[in-house]
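All remarks here apply to the structure that follows.
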Amino acid sequence: MVVSERTEGRSFTVEGYIPLFRMHFEHTVIPTVTGSEVTHRVWFTGLLAFLFGSSVAKQVREGLPRTMQSLKIYAEKRHASLSGVA
């Protein structure tokens with residue numbers, strides 16, 4: 001995986017490469033009145049996208065809730081440690 005785009009405090013995109021197939025994962029955080037809204041976008045490119053895309057998309061969709069919960073816990077702990085909140 002390679003970080004292909006990063007906007008400090010707002011977004012990052014990573015790409016995974018397999019010959020003739022590329023996976024793109026875009027993550028965006030937008031501040032809201034009650035906290036933050038996180039948006040994830042996944043897309044596939046390359047000659048073999050039609051072959052691998054649907055199975056990879058299914059795996060991402062199934063694993064996303066657990067991944068997001070882990071990311072939320074990490075972000076909250078990181079925020080607390082940086083802001084001195086116990």
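Quick note: the coordinates plus some simple rules give every number you see, no bench work behind them. Computed from a prediction, not measured in an experiment: that's the story for all the values here. Counting neighbours? That spans all protein chains shown, and the Cβs are built from the backbone with ideal geometry, glycine included.
Between Gly16, Gly35, Gly63, find the one with the highest GNM mean-square fluctuation for the chain; connect C-alpha pairs within less than 10 Å.
Taking springs between Cα atoms under 10 Å, the residue moving most is Gly35.
Under the 0.36 nm per residue contour assumption, what length would be gained going from the current alpha-carbon distance of Glu26 and Arg61 to full extension? Walk me through the intermediate numbers first.
Details: separation 35, 0.36 × 35 = 12.60 nm, distance 1.42 nm.
Computed gain between Glu26 and Arg61 is 11.2 nm.
Identify which of the listed values of mean projected area of the Cα convex hull in nm² was calculated from the structure shown: (1) 8.0; (2) 5.5; (3) 6.7.
(3)
As a check on your grasp of the helix formula, calculate [θ] at 222 nm for the chain: sum -39500 (n - 2.57) over DSSP H runs of n ≥ 4, divide by the residue count, round to the nearest 500. Mind showing how you got there, number by number?
Values: 1 runs with 35 residues, N = 86.
So the calculated ellipticity at 222 nm is -15000 deg cm²/dmol.
So for the chain, taking the charge dipole from beta-carbon charges (+1 Lys/Arg, -1 Asp/Glu), which of Pro31, Ala75, Phe44 sits furthest toward the positive end?
Ala75
Pop the C-beta distance of Arg10 and Thr45 into the FRET formula with R0 = 22 Å and round what comes out to the nearest 0.05.
For R0 = 22 Å, the calculated efficiency reads 0.40.
Obtain the nm distance between the two label points defined at Glu37 and Glu76 by a simple spin-label model: each point lies 7 Å from its Cα along the Cα-to-C-beta direction.
2.1
Which residues does a label at Tyr17 reach in region 36-60, if reach means a backbone N under 17 Å from a point 7 Å past the Cα toward the Cβ?
Output list for this probe position: 44-49.
Comparing Ala57, Ala75, Ala49, which has the greatest mean-square fluctuation in the GNM of the chain with Cα pairs linked when under 10 Å apart?
Taking springs between Cα atoms under 10 Å, the residue moving most is Ala75.
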